[in-house]
Amino acid sequence: MISLLLALAIASPTPSPPPSPVPTPIRVDVVVQAGHEGRPASCARFPHHRCDLGAKGEVQWTPVVADEVTRVLRAHGVTVARLPADFDGRYVADAAVFIHFDGNDKPCSTGASIGYHRALSLHAAHAWRAYYKRYFPFRFMPDNFTDNLLDYYAFRRVKTTDGGLVVELSEIDCPVQRAWTAPRLLWQGDLLAHFLSTLIGRGHVPDPGSFK
Ligand SMILES: [Zn+2]
């Protein structure tokens, strides 16, 4: 009897899988991050990140835009991971936007800009520049004009197939850009939702057109 049980145990082993050292990435259509959101409280848990708090007022504005992008995309059936500045896990998405506003010691020396890490995001970057430039009346900086744009930390945690972009929507240390931006946060979110929906070919979010 014992030998029979032993034989059965050997014949039908049920080993448990070893724990995976790298957690399985979370799959969504789009990742939307509000730059600096949750800091400085979250910084202690992520000591390997620089605890960058952003330009003055930036952390109040990025969640407004990010929440609107998320709301519109979800209303059109697009799945969204809505992330703060510091987050656990890894993501695989069709597209990602990391929303920021620029700041500068010399006010009004910059404007809108785009950052990306890989050549596959080039098409997305060109498309966003062409689209946002229709409406943004100030300076548009060259792509990846700072190392922070080119090598944004979250690129390592979010892989995309159609493009992952840091978008700086204006320079908010610049009084005229700040005044232009203040009433337009939800509209900027609507522009991004339309742009992302078009980029990934899902959701068919209509173009909001000019700010009204
Ligand atoms: Zn920022």
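The values are calculated or read from the model by the stated rules, or taken from the named source; none is laboratory data. Please read these numbers as outputs of a predicted model, since none were measured by experiment. Every residue, glycine as well, gets a Cβ built from its backbone with ideal geometry; the counts of neighbours run over all protein chains shown.
Tell me which of these Gly163 doesn't satisfy, since it passes every other one: (1) in contact with a His (Cβ under 7 Å, 6 or more places away or on another chain); (2) more than 30 Å from Thr24 (Cβ to Cβ); (3) not β-branched (Val, Ile, Thr).
It is condition (2) that Gly163 fails.
Wholly within the stretch 117-189, which helices (runs of 4 or more DSSP H) include no fewer than the required count, namely at least 3 residues that are under 20 Å from Arg50 (Cβ atoms) and in contact with a Gly (Cβ under 8 Å, 6 or more places away or on another chain)? Before the answer, list the steps.
Working: elements: 122-133, 147-150, 175-181.
In the stretch 117-189, the matching helices (runs of 4 or more DSSP H) lie at 147-150.
When you look at Asp94, is it farther than 18 Å from Cys174 by Cβ and in contact with a strand residue (DSSP E or B) (Cβ under 9 Å, 6 or more places away or on another chain), yes or no?
So Asp94 fits the description; yes.
Of all residues being away from the ligand (no atom under 14 Å from the Cβ) and assigned to a strand (DSSP E or B) in the stretch 84-109, which is surrounded by the fewest Cβ atoms within 10 Å (Cβ to Cβ)? Just the residue, please.
Here the residue is Val92.
Taking Phe138 as the residue in question, decide whether it is away from the ligand (no atom under 16 Å from the Cβ) and hydrophobic (A, V, I, L, M, F, W, C).
In short, yes.
Any residue at all in the stretch 110-126 that's under 16 Å from Val32 (Cβ atoms), more than 16 Å from the ligand (Cβ to nearest atom) and surrounded by 18 or more Cβ atoms within 10 Å (Cβ to Cβ)?
yes
Regarding Arg90, is this residue closer than 20 Å to Asp151 by Cα and modelled with pLDDT under 95? Walk me through how you get there before you give the answer.
Numbers: closer than 20 Å to Asp151 by Cα: yes; modelled with pLDDT under 95: no.
Criteria not met by Arg90.
Is it the case that Val28 is of a type in the set (A, V, I, L, M, F, W, C), part of a loop (DSSP other than H, G, I, E, B) and more than 16 Å from the ligand (Cβ to nearest atom)? I'd like the intermediate steps shown before the answer.
Working: of a type in the set (A, V, I, L, M, F, W, C): yes; part of a loop (DSSP other than H, G, I, E, B): no; more than 16 Å from the ligand (Cβ to nearest atom): yes.
Criteria not met by Val28.
Could you grab the pairs with beta carbons closer than 7 Å, sequence gap of 6+ or different chains, first residue in the stretch 56-79 and among the polar types (S, T, N, Q), second one away from the ligand (no atom under 16 Å from the Cβ)?
Close Cβ pairs (under 7 Å, with a partner that is away from the ligand (no atom under 16 Å from the Cβ)) amount to Thr70/Val80; Thr70/Arg82; Thr79/Val28; Thr79/Asp29.
If you scan the stretch 39-77, which residues turn out to be within 16 Å of the ligand (Cβ to nearest atom), in a loop (DSSP other than H, G, I, E, B) and surrounded by fewer than 18 Cβ atoms within 10 Å (Cβ to Cβ)?
Pro40, Phe46, His49, Arg50, Cys51, Asp52, Leu53, Lys56, Gly57
So how many residues does the stretch 186-203 have that are over 30 Å from Thr24 (Cα atoms) and more than 16 Å from the chain's Cα centre (by Cα)? Give the derivation first.
Taking the stretch 186-203 first, the residues over 30 Å from Thr24 (Cα atoms) are 186-188, 190-191.
Checking which are more than 16 Å from the chain's Cα centre (by Cα) leaves us with 186-187.
So the answer is 2.
Under 7 Å by Cβ, and 6 or more places apart or on different chains, what pairs join a residue from the stretch 178-189 that is farther than 16 Å from Pro208 by Cβ with one that is assigned to a helix (DSSP H, G or I)?
The qualifying pairs do not exist here.
What are the pairs with Cβ atoms under 8 angstrom where one residue, in the stretch 127-154, is within 22 Å of Ala179 (Cβ to Cβ) and the other, located anywhere, is within 16 Å of the ligand (Cβ to nearest atom) and in a helix (DSSP H, G or I)? Sequence gap at least six, or different chains.
Phe138/Gln177
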